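The values are calculated or read from the model by the stated rules, or taken from the named source; none is laboratory data. These numbers were taken from a predicted model, which means no experiment stands behind them. With ideal geometry, Cβ positions are generated from the backbone for all residues, glycine too; neighbour counts draw on all protein chains shown. Please note that ligands, DNA and RNA were not included when accessible areas were found on the heavy atoms of the full protein model with its side chains. Shrake-Rupley method; radii C 1.70, N 1.55, O 1.52, S 1.80 Å.
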Amino acid sequence: MEIVLATHNPDKLREISDILSPVGFDLRALDEFDGAPEAVEDGRTLEENALKKARAIRVFTGLSALADDTGLEVDALGGAPGVFSSRYAGESASYEDNCRKLLDELSGISDEMRTARFRCVIAVALVKEYAESARHLAEALSKSPHSTVSSNGGRIDALVTEGIVEGRITTSPRGKSGFGYDPVFEVLRLGLTFAEMGSAEKNRSSHRYRALIEMRELLIRLRQDMGG
Ligand code: IMP
């Protein structure tokens, strides 16, 4: 099964390939396709954005396409920055700007009230032959909290999974690795920020990893349904 990865980010490409290639999926990088469209992330939810990106790349390449969208949800801020995580401090905000704004907004908030989570949604928009098989998956997934199918024009055409990591926003940045909100997000289970972990350790416990593992299971079941 051929799948185009709808990202130009080399770290994400590696992370996704590490999980999907060993089980035999034929992954294609978006860079192989000249002039691929850049989807505007204007959805109200992470799922809308991931589906929009995946469907746009499926239309452009004629192949099944995988896209993701991630948000940081801070309870004391009513779930913000959420879908606006990349531009929390403005359209061209740097990672540092976003972290600084977050710490400012939470100044004076006690440790117990600084709970937050990273939520990653992965969508795979399927080409027609696989979309037919996805109809059989829909019923099996009806009780699954982190996996679902999505319809377009009344026809199931995509798989969607979610990965969540619970944590807490620190009072100052800690650690040097990673990107984005890593220095201010402490993973509850480990007591370390993502920026205090090595990349291997982060990848093993990240929201993206969890969503990808769920997606790998769905794709394997879909392939089995197709007799592959
Ligand atoms: P994207 O959907 O993966 O582009 O993520 C949107 C924004 O969420 C990014 O610009 C980062 O600020 C933040 N983000 C996503 N994943 C991570 C992560 O693993 N660590 C820290 N920040 C992240």
- Query: Taking the stretch 59-76 as the search range and keeping residues that are buried (at least 24 other Cβ atoms within 10 Å of the Cβ) and within 14 Å of ILE3 (Cβ to Cβ), which one is farthest from the ligand (Cβ to nearest atom)?
  - Reply: SER64
- Task: May I ask you to list the residues in the stretch 1-58 that are assigned to a helix (DSSP H, G or I), among the hydroxyl-bearing types (Ser, Thr, Tyr) and open to solvent by 40 Å² or more (accessible area, probe 1.4 Å)?
- Result: SER21
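Pick from SER133, SER144, SER151: which is open to solvent by 30 Å² or more (accessible area, probe 1.4 Å), among the polar types (S, T, N, Q), under 26 Å from PHE60 (Cα atoms) and away from the ligand (no atom under 12 Å from the Cβ)? Before you say what the answer is, go through the steps one by one.
On the way: SER133 fails: open to solvent by 30 Å² or more (accessible area, probe 1.4 Å); SER144 fails: under 26 Å from PHE60 (Cα atoms).
Result: SER151 is the single residue among SER133, SER144, SER151 that is open to solvent by 30 Å² or more (accessible area, probe 1.4 Å), among the polar types (S, T, N, Q), under 26 Å from PHE60 (Cα atoms) and away from the ligand (no atom under 12 Å from the Cβ).
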- Item | Contacts under 6 angstrom Cβ, first residue in the stretch 164-184 being at positive phi and at pLDDT below 95, partner within 13 Å of the ligand (Cβ to nearest atom) and open to solvent by less than 10 Å² (accessible area, probe 1.4 Å), 6 or more apart | GLY178/PHE194; GLY178/ALA195
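Which one of these is acidic (Asp, Glu), open to solvent by 30 Å² or more (accessible area, probe 1.4 Å) and farther than 23 Å from GLY71 by Cα: ASP225, ASP157? Give the derivation first.
Numbers: ASP157 fails: open to solvent by 30 Å² or more (accessible area, probe 1.4 Å).
Checking each option against the conditions leaves just ASP225.
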- Message: Conditions first: (1) assigned to a loop (DSSP other than H, G, I, E, B); (2) open to solvent by 60 Å² or more (accessible area, probe 1.4 Å). TYR209 passes all but one, so which condition is the exception?
- Response: (1)
- Message: Among the numbered criteria (1) open to solvent by 70 Å² or more (accessible area, probe 1.4 Å); (2) touching a Cys at 6+ places or on another chain (Cβ under 9 Å), which one does ILE164 miss?
- Response: (1)
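Mind checking whether some residue in the stretch 162-181 is more than 20 Å from ALA67 (Cα to Cα) and part of a helix (DSSP H, G or I)?
No, because not a single residue in the stretch 162-181 is more than 20 Å from ALA67 (Cα to Cα) and part of a helix (DSSP H, G or I).
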- Message: Take the conditions away from the ligand (no atom under 16 Å from the Cβ), farther than 26 Å from ASP157 by Cα and out of contact with any Asp or Glu (no Cβ under 9 Å at 6 or more places or on another chain) and apply them to ASP31. Does it pass?
- Response: no
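Based on what the data block shows, is GLU186 assigned to a strand (DSSP E or B), open to solvent by less than 60 Å² (accessible area, probe 1.4 Å), within 14 Å of the ligand (Cβ to nearest atom) and under 19 Å from SER64 (Cα atoms)? Reasoning before the result, please.
Details: assigned to a strand (DSSP E or B): yes; open to solvent by less than 60 Å² (accessible area, probe 1.4 Å): yes; within 14 Å of the ligand (Cβ to nearest atom): yes; under 19 Å from SER64 (Cα atoms): no.
Criteria not met by GLU186.
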